[in-house]
Amino acid sequence: MVFDYIDGAAGQETGAMRNRAALDEITLRPRILRDVSARSLRTTLFGKTAERPFGIAPMGMCNLSGPGADLHFARLAARYSIPVGVSTVASTPLERMIEMAEGNAWFQLYFSGDGAGSFKLVNRARAAGYETLVLTVDVPEVGRRPRELRHGFKMPFRIGPRQFVDFALHPRWSLSTLLNGKPQMANFEMEGYDFDRTESRAKADWSTLARLRDAWPGNLVVKGVLDSEDAVALKKAGVDAIQVSSHGARQLESAPAPIKALPAIRNAVGEDFPLFYDSGLRSGEDALKALLSGANFVFFGRVFQFAIAAAGKEGLDRIWEVLTDEMSIAMAQTGLMELQPTEPALSG
Ligand SMILES: Cc1cc2nc3c(=O)[nH]c(=O)nc-3n(C[C@H](O)[C@H](O)[C@H](O)COP(=O)(O)O)c2cc1C
């Protein structure tokens, strides 16, 4: 059930396949005989140095993949000065996340119901020291994911007979996870905070965004954008960055492949506007393709959870090394020393 929650996508999952095919279709331009011995993966993000051009996407209930997953993410973010996204429905309280990430945490907000609760969370994030707020806008209603529905997956987590059998068949997961305490939506354990994952988020509109812009003096990122017209309107509305994303194909099955939407959005918002990308990235080479397609920074989601599920903190450290090596090697093979090439680096 947990694997299907993490791995699953909307509908028949054709959106996920479409983006995978689009990523595979992009080719890089191999270049030769350029001294590429001094490569750097360092980049600048909101005026600060990040040691990698990739970070950790916000994901709800990460601790389902393994005990302490959220905190492993936070420590990794601190070590490399890269952002870890802290979901509204994270399994560790937002205050603890930013402390463990030594400031390298971005709070991700879902606007739900009439918004009163969402604005309370915004104030809490500000009080905790968050400088960057990520408003996710691609979930006006939660997408139907058949793999979750089949298992009766619910948040907050409920253990009925069906789930009990599933857990009994997976003793390693059950013992380690359930003995560490059933993962909770930790931001809502405090008095006065309530969240229903299935509650409609459909009421949010452009005036909501304007209110949020007024209420948030820090960096405001809008995540889940696939349309150039929307991107231009967001830029006009004063947001600081846009994250091109299909939520890892977990929402609208028929959405265009986000990796294909990225160059058009880059064109629409101009060269200098900060654009981020996530969805479907599975390797350092994939991430390089997204950077060369117009993103200034990218995020991985599921791969980090798979790594934790496979081998805990060691798994996460290992995937980090693998992604780093893959990107660095691909840069060497394409004649790149750094990540802002002055000539086209995609071929075709
Ligand atoms: C298990 C899971 C939970 C997620 N929860 C959230 C969330 O709470 N908020 C959010 O903005 N995005 C959420 N996302 C989407 C990710 O932030 C990101 O867009 C996506 O995972 C990127 O695609 P990838 O997994 O193919 O790398 C979630 C994704 C997964 C896989």
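The values are calculated or read from the model by the stated rules, or taken from the named source; none is laboratory data. Everything quoted here is computed from the prediction, not taken from an experiment. For neighbour counting, all protein chains shown are included, and Cβ atoms are generated from backbone atoms with ideal geometry for every residue, glycine included.
For region 141-152, state whether one or more residues are away from the ligand (no atom under 14 Å from the Cβ), among the β-branched types (Val, Ile, Thr), under 20 Å from residue 186 (Cβ atoms) and out of contact with any strand residue (DSSP E or B) (no Cβ under 7 Å at 6 or more places or on another chain). No, region 141-152 contains no residue that is away from the ligand (no atom under 14 Å from the Cβ), among the β-branched types (Val, Ile, Thr), under 20 Å from residue 186 (Cβ atoms) and out of contact with any strand residue (DSSP E or B) (no Cβ under 7 Å at 6 or more places or on another chain).
Of all residues in region 150-180, which are under 25 Å from the mean Cα position of the chain (by Cα) and either aromatic (Phe, Trp, Tyr) or exposed (fewer than 12 other Cβ atoms within 10 Å of the Cβ) (or both)? Across region 150-180, the qualifying residues are 153, 157, 173. Considering only residues in region 26-55 that are over 17 Å from residue 325 (Cα atoms) and among the β-branched types (Val, Ile, Thr), the one that is nearest to the ligand (Cβ to nearest atom) turns out to be 26.
Every listed requirement among (1) outside any helix (DSSP H, G or I); (2) within 13 Å of the ligand (Cβ to nearest atom) is met by residue 319 save one, (1).
In region 231-248, the qualifying residues are those that are within 16 Å of the ligand (Cβ to nearest atom) and of a type outside the set (A, V, I, L, M), and the one that is farthest from residue 8 (Cα to Cα) is 243. In region 301-313, the residues that are within 8 Å of the ligand (Cβ to nearest atom) reach residues that are in a helix (DSSP H, G or I) with C-beta atoms within less than 8 angstrom, at least six apart or across chains, in these pairs: 302/6; 302/7; 303/319; 303/323; 305/6; 305/62; 305/69. Name every residue in region 123-136 that is surrounded by fewer than 21 Cβ atoms within 10 Å (Cβ to Cβ) and either within 16 Å of the ligand (Cβ to nearest atom) or not hydrophobic (A, V, I, L, M, F, W, C) (or both), in order of residue number. Those that are surrounded by fewer than 21 Cβ atoms within 10 Å (Cβ to Cβ) and either within 16 Å of the ligand (Cβ to nearest atom) or not hydrophobic (A, V, I, L, M, F, W, C) (or both): 123, 124, 126, 129, 131. Among the residues of region 70-87, is there at least one that is within 15 Å of residue 194 (Cα to Cα), surrounded by fewer than 24 Cβ atoms within 10 Å (Cβ to Cβ) and modelled with pLDDT of 95 or more? Within region 70-87, not a single residue is within 15 Å of residue 194 (Cα to Cα), surrounded by fewer than 24 Cβ atoms within 10 Å (Cβ to Cβ) and modelled with pLDDT of 95 or more. The sole residue among 227, 214, 272 that is away from the ligand (no atom under 15 Å from the Cβ), closer than 21 Å to residue 112 by Cα and without any contact (Cβ under 8 Å) to a residue 40 or more places away in the chain is 214. Mind checking which residues of region 106-118 are in a helix (DSSP H, G or I) and surrounded by fewer than 17 Cβ atoms within 10 Å (Cβ to Cβ)? Of everything in region 106-118, just one residue is in a helix (DSSP H, G or I) and surrounded by fewer than 17 Cβ atoms within 10 Å (Cβ to Cβ), namely 116. Within region 262-292, the only residue that satisfies the criterion of being farther than 19 Å from residue 57 by Cα and surrounded by 24 or more Cβ atoms within 10 Å (Cβ to Cβ) is 265. Mind counting the residues in region 10-35 that are more than 21 Å from residue 293 (Cα to Cα), in contact with a Gly (Cβ under 6 Å, 6 or more places away or on another chain) and surrounded by 16 or more Cβ atoms within 10 Å (Cβ to Cβ)? Number satisfying all stated conditions: 1.
When 125, 168, 105 are checked against the criterion of being in contact with a helix residue (DSSP H, G or I) (Cβ under 8 Å, 6 or more places away or on another chain) and free of Cβ contacts under 8 Å to residues at least 12 places away in the same chain, 168 stands alone in meeting it. On the basis of being buried (at least 21 other Cβ atoms within 10 Å of the Cβ), modelled with pLDDT of 95 or more, under 21 Å from the mean Cα position of the chain (by Cα) and away from the ligand (no atom under 15 Å from the Cβ), does residue 255 make the cut? So residue 255 fails the test.
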